[in-house]
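This report refers to the structure that appears directly beneath it.
The values are calculated or read from the model by the stated rules, or taken from the named source; none is laboratory data. Just so it is clear, the model here is predicted, and its values are computed rather than measured. Every residue, glycine as well, gets a Cβ built from its backbone with ideal geometry; the counts of neighbours run over all protein chains shown. Surface accessibility is based on the protein's heavy atoms, side chains included, excluding ligands, DNA and RNA. Shrake-Rupley method; radii C 1.70, N 1.55, O 1.52, S 1.80 Å.
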Amino acid sequence: MSLSILQTVRPGGVIEIVPRGEIDVDTAYEVKEAIAEVLAKGRPARIELNMRLVTFIDSVGISAMVAGFQTAEVSGVKLVVTEPSRFVHRQLWVTGLLGLFGAPEPYYAGAATAPEVLPGA
């Protein structure tokens, strides 16, 4: 599976990076490069890594995200993850990195909020 990355400028000088597909050993460098490219062009107010369209991420992908976070931090720019897919959210939680990226709630397609969990379910 391939990875495509879209960048948009949002109000307030926020740059949104939206990867789509799988972030793994073959594609992780693309995430790091996208973050580095944004920082090379200037110093945005914040970088939002919108992960709702990421279907898979492995340890190399997680490492690329951490490297991007560190690169942004050195530049004085906050990098946060927004709308992580359930898979990405789980991987960040399991690795203990969810808080590093702003502790985002998982993205649920078609729902304004996370589904309610009923007692005993």
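Are there helices (runs of 4 or more DSSP H) fully within the stretch 1-95 with at least 3 residues that are more than 13 Å from the chain's Cα centre (by Cα)? List them. Give the derivation first.
Details: elements: 28-41, 59-74, 86-94.
Where helices (runs of 4 or more DSSP H) fall fully within the stretch 1-95 and carry at least 3 residues being more than 13 Å from the chain's Cα centre (by Cα), they are 28-41, 59-74.
Could we say that PRO11 is open to solvent by 80 Å² or more (accessible area, probe 1.4 Å) and on the phi < 0 side of the Ramachandran plot here? Break it down stepwise before answering.
Details: open to solvent by 80 Å² or more (accessible area, probe 1.4 Å): yes; on the phi < 0 side of the Ramachandran plot: yes.
Yes.
Against the criterion of being at pLDDT below 95 and either part of a strand (DSSP E or B) or surrounded by fewer than 19 Cβ atoms within 10 Å (Cβ to Cβ) (or both), THR113 qualifies.
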